[in-house]
Number of protein chains: 4
Amino acid sequence: MEKKDLGFGKGASNTGTRFINKDGSINVFRKGLPFIRPYDLYHTLISINWLKFMVLISVSFFTVNLLFAWFYTVLENNALSMVDEQHRFWDSFFFSVQTMTTVGYGAISPISMAAKVISSIGSFLGLLGFALVTGLLYGRFSKPMTKIRYSKNALISPFQEKNALMFKMANQRSSKLIEAEVTAVFIATIDGKLVYEDLKLQLRKINFFALSWTLVHLIDEDSVMFNHTTESLKKGDAEVVILMKAFDDSFSQTVYSRMSYKHYEFIWNARFDSSIHNENGKMGIDLKKMDSYTKLN
Amino acid sequence: MEKKDLGFGKGASNTGTRFINKDGSINVFRKGLPFIRPYDLYHTLISINWLKFMVLISVSFFTVNLLFAWFYTVLENNALSMVDEQHRFWDSFFFSVQTMTTVGYGAISPISMAAKVISSIGSFLGLLGFALVTGLLYGRFSKPMTKIRYSKNALISPFQEKNALMFKMANQRSSKLIEAEVTAVFIATIDGKLVYEDLKLQLRKINFFALSWTLVHLIDEDSVMFNHTTESLKKGDAEVVILMKAFDDSFSQTVYSRMSYKHYEFIWNARFDSSIHNENGKMGIDLKKMDSYTKLN
Amino acid sequence: MEKKDLGFGKGASNTGTRFINKDGSINVFRKGLPFIRPYDLYHTLISINWLKFMVLISVSFFTVNLLFAWFYTVLENNALSMVDEQHRFWDSFFFSVQTMTTVGYGAISPISMAAKVISSIGSFLGLLGFALVTGLLYGRFSKPMTKIRYSKNALISPFQEKNALMFKMANQRSSKLIEAEVTAVFIATIDGKLVYEDLKLQLRKINFFALSWTLVHLIDEDSVMFNHTTESLKKGDAEVVILMKAFDDSFSQTVYSRMSYKHYEFIWNARFDSSIHNENGKMGIDLKKMDSYTKLN
Amino acid sequence: MEKKDLGFGKGASNTGTRFINKDGSINVFRKGLPFIRPYDLYHTLISINWLKFMVLISVSFFTVNLLFAWFYTVLENNALSMVDEQHRFWDSFFFSVQTMTTVGYGAISPISMAAKVISSIGSFLGLLGFALVTGLLYGRFSKPMTKIRYSKNALISPFQEKNALMFKMANQRSSKLIEAEVTAVFIATIDGKLVYEDLKLQLRKINFFALSWTLVHLIDEDSVMFNHTTESLKKGDAEVVILMKAFDDSFSQTVYSRMSYKHYEFIWNARFDSSIHNENGKMGIDLKKMDSYTKLN
């Protein structure tokens, strides 16, 4: 097999922080990019949570209409018909809302040439805006977002007369993950050199990832982790990077999930408590028990 | 080749129910999830049948407008213009409908400040709602849903001087399935231990899955099913899990289909009747004959 | 390598017609399907040509509005305001159009309870309808449709001191096809038995399929076509089925294309004329020359 | 491994221009295509930059409404209600805008039969148009567009006691590229024959392409570039074509990127300056330093 690299580039060095953040993002930055980047903006808008998204588009809608109201108000005296002089600004505001949403009751309508031009622009922008929101909503929903629940810690425990590194994953979504496979890479600074090494996993491929999945790396003579101790792992600022690949049946797309365990997230000499149980002849998982383990003595 | 597991986790045990339901869903449950899960909601909405979907959005639309009508009615006396006092509630209701759909005839229009605010919110929510429905409709259509018709039973019959397990699949949709391949896994409790074992299939890959496909597992000395009887399969609560993978030409996506046969769905000593016939020089399939078999004596 | 089958099922027999039609569709039919099949309907609507599609939705829109106009007209005398009794039907028709498109000028508006209910339903259906059309339009555009231009004939000509079967393909779209690969299968009835056999192709994988591609199967001793003549191919009702797979760079999806050559589309002893030429230092292809060949003597 | 070809066809010859343009497009043309090609139009509309796109749809919208205004004006005297005879054309224009955007204030409304027909067509076309724009906007955003920043030059420098060809790539977008792999093909006319040859790359696969990536082809005895000089490469009009394939995590799709280096873009005897640096314990890349190199002496 061809040798793969983790891909952080030659200049990568152990800075004491993580390579992979807990949420799966990669801990890097870019300099020299242009300020406006439509695609990155789009991806931000489909990635932020629903509350933020709804607040953002509501506030944008409100602000744009304030701006249009201000246009109608300052422009001329008789821009719009039937406007009560007392509430001129707010009547202009509601006229703008009725224009952008294309409701157009007509109780208020543009009279002057300028108002007609501005309201035309308003309705055009309104339609474009809602076309954009339609796309964003669909983008938010159709973006495959696997929610893999990883155990908070990786355990190092006796296994088959040796030690083994173990961690657990659970599929938090009702979508079925098919032909799932996991890669784990060990990163540490050993003798002043950054070492990347694949960890051989038992049962690294499964047909259905329906409930939970325990991955085991036997720390035998062939393992890069052999003879390491809490101290040596700390000294090398060790990190184990996890990459899962699967086919998401609900989205009909290949999905990936990333995570990492830093040396201080390893627990020595402990075993995971089972998070699987049966109820009425149906297998189930209790996601609250994913992190639970028992110390061996 | 690397060993794959079926992925039900270590705690899996034979509970007497099926692992895979007849509709292809996996027979598991989750505990400890948050109550509101937008993505699972979305997938429910694009997976329910068309009647349910249309009823659901119609009822939602009706209910939301009832709510808005109630707002306009209780708010003030002169919220809306031209409202007939006799039908105040229903006139408010129809005004709300005209606002949410952005028709806005203007025969009725908001007069009071509060009514203007509420109708603005109504038209904004209306547009968001229909943007959502646009996405849902597209999501429903663009979701690749292979409809594989499996034979109701799997047959165990003499084949090449041994026994063979046979089952049949047909492609019910006019979409072409390309490079289809099938995996079958035997699951049973043998000597108190849950056994998972791949069943070797003849002709498990085909270029086009256009009509029907008969899959045959020869029960020879290498087969985990060798020497099993109706009784031993029942005792072990045996189940054969089927996973099909193909490329759907209409959707340009990889699709999967799942099914399983429990031991009580095995028919011994029978042969499938042909469901293929030719008409006017064109090959065809009669889907009604998919389950039909003839007992051998 | 595992043996793959063409997938027409056991009952397939040589009926004298083609397996694969010239447009790439598979020549089969299905019986026993339900009458209404939303997904097949959707795929019809995104597959028919643009003219048919535009006529279909225009006619549907016109017909639905005729129906609504008829409702408003027969219902009551004073269903709608401001309707000229002389043009009652057509005024109702235009009111319906203004409702379904959510324009709602308000010059005509619903007065009676029944008209208000019907117009509400009209505007609701209008929005759903245009949501559907939005999805269909996007579906039509985003459906990867490779347009592969195959040479009309396959040639059998002397090549490397033997005979070779040759056919040509060209990429008709400006989208780039990456990592393209072709499979060819020979089907014929030989000694009363239907024979499927892969034809070994030279240069069956290319990195970019930008212009034209000539595929060559050397008819040597290992080929199923060895020693065949025009007569024996005709007797066996021979057909060569072509399957191309590639990654379409414009759509970011894997695409397939199918074609077949029947024995009467084989030309013996001829060579393709080149359809490639250079203009101003740029390579190009003339699609009109794809079928052109020269007889050898 | 099977031999792949670059796919420019047999007639390809070295014309002195590039095979692959700097923007990744392939330097070819097609003759004999129909004039109107909806899909190519669609792909143009989702590929042009945002400024051009916005100008194009604004101008189209303006032009179509001018046309409708002209219809209303020339048609009859009393086509529309409440039109000021002085501004008849522009009032007709704004009426058309209000119709196409489905605002429909109603201050102006169609009176004559012809005006009612035309405004119905206007609102229908308006909705179709905005449905199209919705699809185009979504298509623009959901099209995976990797932005790979290649170093301007490829360097040929001493490496492991031999020479090596080196080039650098950086991921300009915040989307993560997973399981990236690069292929490089050398093309040159040698002894009058066009030679295509894969260049063996060190580290041609990486797990995450987060920052920058330096690819190295060791020019040893097995390399097609062995013993070549600036002069021989120029004489052969040499070009190195690069193809990168990766999985884009933001779009959940496989993406490709293409580039090429012509012989006059090779720099002999130089080394890339590092574009990676650490800030506050976070690795980063400075895209402005991607092209920077230092001459060795």
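Bear in mind that the values in this text are calculations on the coordinates, not laboratory data. Since the structure is predicted, the reported quantities are computational estimates derived from the model, not experimental observations. So basically every Cβ, Gly included, is an ideal-geometry build from the backbone, and we count neighbours across all protein chains shown.
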inquiry  = For C:SER123, B:SER142, which order do you get if you count the other beta carbons within 10 Å of each Cβ and list the fewest first?
reply    = B:SER142, C:SER123
query = How far is it, in nm, from the label point at B:GLU279 to the one at B:TRP90 when both lie 7 Å from their Cα along the line to the Cβ?
reply = 5.1 nm
key: Fluctuation leader among A:THR146, A:THR101, A:THR254 - chain A, Gaussian network, Cα springs under 10 angstrom   = A:THR101
ask   = Mind checking the dipole of chain A: about its Cα centre, +1 per Lys or Arg Cβ, -1 per Asp or Glu Cβ, Debye to the nearest 20?
value = 280 debye
note = Among D:MET225, D:THR254, D:VAL241, the residue whose Cα sits farthest towards the positive end of the charge dipole of segment D:190-297, when +1 is placed on the Cβ of each Lys and Arg and -1 on the Cβ of each Asp and Glu, is D:THR254
inquiry  = For D:THR44, place a label point 7 Å from Cα along the Cα-to-Cβ direction in every copy; what are the distances to the other copies, in nm, shortest first?
reply    = 3.3, 3.3, 4.7
request  = Kindly provide the trypsin sites (Lys or Arg not before Pro) of segment D:129-164 that DSSP labels as loop, not H, G, I, E or B, and whose Cβ sees at most 16 other Cβ atoms within 10 Å.
outcome  = D:LYS147, D:LYS152
inquiry  = Just to check, using Stokes-Einstein with a Kirkwood Rh over alpha carbon pairs, what's the diffusion coefficient of segment D:184-241 at 4 °C and 1.567 mPa s in µm²/s?
reply    = 102 µm²/s
remark   = Ranked on Cβ counts within 10 Å of their own Cβ, fewest leading, B:VAL83, D:VAL64 go D:VAL64, B:VAL83
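Using only alpha-carbon positions, what ratio does the radius of gyration of segment A:38-142 give when scaled by 2.2 N^0.38 Å? The partial results should precede the final answer.
Numbers: Rg = 15.8 Å, N = 105, 2.2 N^0.38 = 12.9 Å.
So the Cα radius of gyration is 1.22 times the expected 2.2 N^0.38 Å.
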inquiry  = Below 12 angstrom from the Cβ of C:MET82, what's the summed charge of the other residues (Lys, Arg +1; Asp, Glu -1)?
reply    = -2
task = Work out, in µm²/s and without decimals, the Stokes-Einstein translational diffusion coefficient of segment D:248-287 at 10 °C, 1.306 mPa s, Rh from Kirkwood over C-alpha pairs.
result = 111 µm²/s
task = Please determine, in degrees from 0 to 90 and to the nearest 10, the orientation of helix B:88-100 with respect to the longest principal axis defined by the Cα atoms of chain B, where the helix direction is its Cα long axis.
result = 60 degrees
ask   = Which chain D residue comes nearest the axis with its C-beta when you rotate D onto A, and by how many angstrom?
value = D:GLY106, 3
key: Cα long-axis angle, helix C:50-75 against chain C (0 to 90 degrees, to the nearest 10)   = 20 degrees
request  = Would you list which lysines come within 24 Å of C:LYS162, measuring only between C-alpha atoms, while excluding same-chain residues fewer than 8 positions from it?
outcome  = C:LYS152, C:LYS200, C:LYS205, C:LYS234, C:LYS235, C:LYS262, C:LYS295, D:LYS3, D:LYS4, D:LYS10
remark   = Output row, site D:GLN160, 7 Å Cα→C-beta label point, backbone N cut-off 20 Å, window segment A:174-196, residues A:194-196
request  = Within 10 Å of each residue's Cβ, count the other Cβ atoms and sort A:GLU179, D:GLU85 from fewest upward.
outcome  = D:GLU85, A:GLU179
inquiry  = Counting C-alpha atoms alone, how compact is chain B: give Rg to one decimal and Dmax as a whole number, in angstrom.
reply    = 28.3, 90
request  = Once the label point is placed 7 Å from Cα along Cβ, list for C:LEU67 the distances to the corresponding points in the other copies, in nm, shortest first.
outcome  = 3.0, 3.0, 4.3
note = Nearest-0.05 FRET efficiency for B:ASP191 and B:LEU296 at R0 = 22 Å, using Cβ-Cβ distance, is 0.10
Filtered trypsin sites (Lys or Arg not before Pro), segment A:194-281: DSSP coil and at most 10 other beta carbons within 10 Å = none
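So if the hydrodynamic radius of the protein assembly as shown is defined as the Kirkwood radius over C-alpha pairs, what does Stokes-Einstein give as its diffusion coefficient at 25 °C and 0.890 mPa s, in µm² per second? Before the final figure, lay out each step's value.
Numbers: Rh = 34.2 Å.
Reported coefficient: 72 µm²/s.
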message = So the label point sits 7 Å from Cα along the Cα-to-Cβ vector; using that for C:GLU279, what distances do you get to the other copies, in nanometres, sorted shortest first?
response = 5.0, 5.0, 7.1
note = To the nearest 10 degrees, the tilt of helix B:113-142 (Cα long axis) against the first principal axis of the alpha carbons of chain B is 20 degrees
task = Count neighbours as other Cβ atoms within 10 Å of each site's Cβ, and list the GluC sites (Glu not before Pro) in segment A:180-248 that are DSSP loop with at most 14 such neighbours.
result = A:GLU221
message = Under the √(5λ) rule applied to the eigenvalues of the Cα gyration tensor, what semi-axes describe the equivalent ellipsoid of segment C:92-134? Give them in Å, descending.
response = 19, 11, 7
key: For segment A:148-295, alpha-carbon Rg relative to the globular expectation (2.2 N^0.38 Å, N residues)   = 1.08
request  = Evaluate segment D:51-102: find the radius of gyration of its Cα atoms, find its Kirkwood radius, and give the ratio Rg to Rh.
outcome  = 1.06
